[in-house]
Amino acid sequence: MSSLTDVKRNLRERAEGALRRAVLSELGRDQPGTVEPYRPKGDRFWRMFFVPVYRRIPWPAKERAMNALGMTAKGWKPPERTPREPWRPPAQLAAKAPAEKPRAGSGVDQAS
């Protein structure tokens with residue numbers, strides 16, 4: 001494996017770890033009997049700079065940066081919907097699906 005690949009992997013692991021520890025710290029803050037998560041050596045930059053900056057950057061900018069650095073999966077097509085948009089079946093599956101029949105007791109008049 002190339003050293004550039006190793007650097008990218010290391011950056012990603014450290015970033016994910018810092019974000020995970022920040023969330024765990026926030027979740028456990030108001031819970032009785034919880035302790036502060038372990039902080040590895042050299043975590044100050046990630047905790048004090050990276051996490052706050054990462055949270056303020058909008059998702060499209062993060063996505064562009066990850067694509068530019070080649071830190072995303074290759075060989076698959078991203079979904080055609082935006083975040084928070086409800087899931088819909090693909091057009092070819094929706095066309096094949098049979099029309100939904102009303103269920104007994106659903107309040108729909110079946111006698112007509």
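Summary table below
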item: Positive minus negative residues near ASP43 (Lys, Arg vs Asp, Glu; Cβ under 15 Å); result: +4
item: Potential extension, GLU26-VAL53 segment - 0.36 nm per residue separation minus Cα distance; result: 8.1 nm
item: Cα-centred dipole magnitude for segment 1-42, charges only on beta-carbon of K, R (+1) and D, E (-1), debye, nearest 20; result: 180
item: Cα centroid separation - segment 1-15 against segment 17-38, whole Å; result: 25
item: Contact order relative to length of segment 3-72, as percent, for alpha carbon pairs under 8 angstrom and 6 or more apart; result: 31
item: Segment 3-72: mean projected area of Cα convex hull, nm²; result: 5.6
item: Order of VAL7, VAL51 under a 10 Å beta carbon neighbour criterion, fewest first; result: VAL7, VAL51
item: Test item: Cα-centred dipole of segment 3-72, Lys/Arg +1 and Asp/Glu -1 on Cβ, debye; result: 200
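Bear in mind these aren't lab numbers, they're just calculated from the coordinates by the rules spelled out. Note that the coordinates shown come from a computational prediction; the quantities given were computed from them, not determined experimentally. Glycine also receives a Cβ, built like all others from the backbone with ideal geometry; neighbour counts cover every protein chain displayed.
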